[in-house]
Amino acid sequence: MTIQLIEAPRQKVEPHHWNALYLSSAFCLMMMTLAVGTQPLFLRNVLGISPDSAGTINSNIMVLAETLELVVVGSVGYLSDRLGRVRIMVVGFALAGLGALMAPFSAAIAHLLGGGGLVLYYLARLIMAAGIGAVWPQVSTLAGDYTVEANRARLMANNAFMMAFGKTLVYLILMRIPLHAGVIVTMLLIAATAFAGAWLAHSRLIDVAPKMRQRAVPWRQIRQLLRDEPRLRLCFATSFLARSDMVITALFLMLWYVYFADIVDVTDEQAAARGGLMIGLAGVVVMASIPVWKMVIHRYGRVTAIIAGLALSGLGFVSMALVANPFEWFIVLPVILTAAGQAGCFVAPQVLTVDVTPPDILGSVLGASNVVGGLGIIFFVQVGGILFDTLGPSAPFVFVGLANFKVIAYAIFLLGRAARLPAPADSLEDAF
């Protein structure tokens, strides 16, 4: 089947378009991270969820949100190839803003309607998830659209840096707001960020990719590409882990702090601020390591960078088993290792995916990759919530770390197979 394209004159990407994309990426991660970071505190302090069921309830909310997000992500990838990325971003930001306005008042609304606050909070998080699912795939896809192979690693890494900046800003600064103004005021910042993102995307971003005429998702082309490109299969396997790595760190580390507060005799807000400091440290490490990953990708190749990122991240997660008290400073070491590895696992697979994917189906391929990442989140968060409640707070981290090492084995197998090919190549990656 031939994919028909709507060819339009390609607009020139100016520096101010990149600046708008960078800021949109930061807004997107701020919105996503603040929703996850405030959830344990809101559930405990406002809705009164007990510690005995905290892990399961928090993970259930995340799983439901990620399931819906997974459906949205799988749809908007193809729709962005047909309709353009920017239009979807505007709608997604606005929808997330509506859900974010509802979430902090879910208990009050439930009281008026005679229902349960937790049910309404579930609904608000689902609305937010639908909006977020429409936005975040587009910022990476637009970054790919705006680049050529020569500058792709540098510019996509810059975009990843801004995503890390948005996440870091949340945990270093915004998660300290509950200490002074309460969790509800902090949650309203999600709505403000979402609506600002909708305005920015509408007024400052442009679409440059050719649009598809085909009215069906190009599954045949995606399957063929996956069959022919082992590097893309590795990217999909890494995506299964990479997004869950970030969510596991944000959700279960914050849970660990909030529900350890009584044991060390600190308030929930102080515990959340301490958890935010550690997750903020992870964000700083991600930002600091992205320039290093740009160099590794350029000098040693995308596959090697993926292996190195998975190794660092896996080592950090597994070493969480040595942490007995999250308020002790030893936890800094696994947090740093995990964050440094996550940066590589995020940047290198995206660059490699754009490298090997035809521009006309890039949105669809990235959409499929993001669906795989969403499945990873659902799997690891659901299992992690059970492990958190039954085996202890470090168990979800160890479980994800062991999974990282399994993907490393597959990547090494691919490199070894490439090295055995008789045809000369400029690099091991070129031999695939």
**OP:** Answer yes or no: is there a residue in segment 370-393 that is touching a Ser or Thr at 6+ places or on another chain (Cβ under 7 Å), assigned to a helix (DSSP H, G or I) and among the aromatic types (Phe, Trp, Tyr).
**Re:** yes
**OP:** List the number of the failed condition for residue 177; all other conditions in (1) touching a residue at least 40 places away in the same chain (Cβ under 8 Å); (2) assigned to a helix (DSSP H, G or I); (3) under 28 Å from residue 343 (Cβ atoms) hold.
**Re:** (1)
Original post:
Identify, please: which residue in segment 399-413 is aliphatic (A, V, I, L, M) and surrounded by fewer than 17 Cβ atoms within 10 Å (Cβ to Cβ) and is, among those, farthest from residue 315 (Cα to Cα)?
Top reply: 412
**OP:** From 328, 269, grab the single residue that is more than 23 Å from residue 39 (Cβ to Cβ) and of a type in the set (D, E, K, R).
**Re:** 328
Subject >> Residues (over 19 Å from residue 73 (Cβ atoms) and touching a Lys or Arg at 6+ places or on another chain (Cβ under 8 Å)) located in segment 115-174 >> reply: 153, 154, 157
Original post:
Since residue 377 meets every condition but one in (1) closer than 30 Å to residue 53 by Cβ; (2) at pLDDT 85 or above, which condition does it not meet?
Top reply: (2)
Original post:
What tally of residues in segment 141-150 results from selecting those that are assigned to a helix (DSSP H, G or I) and over 16 Å from residue 200 (Cα atoms)?
Top reply: 5
Original post:
From the list 94, 100, 107, which residue is part of a helix (DSSP H, G or I), buried (at least 22 other Cβ atoms within 10 Å of the Cβ), of a type outside the set (Lys, Arg) and touching a residue at least 12 places away in the same chain (Cβ under 8 Å)?
Top reply: 100
Subject >> Search result, residues across segment 137-170 that are at pLDDT below 85 and either closer than 14 Å to residue 35 by Cα or charged (D, E, K, R) (or both) >> reply: 149, 152, 154, 167, 168, 170
Subject >> Pair list, Cβ < 8 Å and 6+ apart or interchain, from segment 113-128 residues that are over 14 Å from residue 67 (Cα atoms) to residues that are not in a helix (DSSP H, G or I) >> reply: 117/46; 117/47; 118/47; 118/49; 121/47
**OP:** Output the qualifying pairs, or none if there are none: Cβ atoms under 8 angstrom, residues six or more apart or on different chains, first residue in segment 64-88 and outside any helix (DSSP H, G or I), second residue modelled with pLDDT under 85.
**Re:** 84/209; 84/211
Original post:
Mind checking whether some residue in segment 213-236 is touching a strand residue (DSSP E or B) at 6+ places or on another chain (Cβ under 6 Å), closer than 21 Å to residue 91 by Cβ and among the charged types (D, E, K, R)?
Top reply: no
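Of everything in segment 35-49 that's aliphatic (A, V, I, L, M) and closer than 16 Å to residue 62 by Cβ, which residue is modelled with the highest pLDDT?
35
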Original post:
In this structure, does residue 53 turn out to be assigned to a helix (DSSP H, G or I) and modelled with pLDDT of 85 or more?
Top reply: no
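With respect to residue 293, determine if the residue is buried (at least 22 other Cβ atoms within 10 Å of the Cβ) and touching a Pro at 6+ places or on another chain (Cβ under 6 Å).
Details: buried (at least 22 other Cβ atoms within 10 Å of the Cβ): yes; touching a Pro at 6+ places or on another chain (Cβ under 6 Å): no.
Answer is no for this residue.
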Subject >> Single unsatisfied condition, residue 214 versus (1) more than 21 Å from the chain's Cα centre (by Cα); (2) modelled with pLDDT of 80 or more >> reply: (2)
Original post:
Out of all the residues in segment 102-113, is one or more out of contact with any His (no Cβ under 6 Å at 6 or more places or on another chain), of a type in the set (Gly, Ala, Ser) and closer than 25 Å to residue 23 by Cα?
Top reply: yes
**OP:** Working only within segment 298-322, note down all residues that are under 14 Å from residue 411 (Cβ atoms) and β-branched (Val, Ile, Thr).
**Re:** 303, 304, 306, 307
Subject >> Number of positions in segment 69-95 that are within 16 Å of the chain's Cα centre (by Cα) and among the acidic types (Asp, Glu) >> reply: 1
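The values are calculated or read from the model by the stated rules, or taken from the named source; none is laboratory data. These figures come from a predicted structure and were not determined experimentally. Positions of Cβ are backbone-derived with ideal geometry, glycine not excepted, and every protein chain shown enters the neighbour counts.
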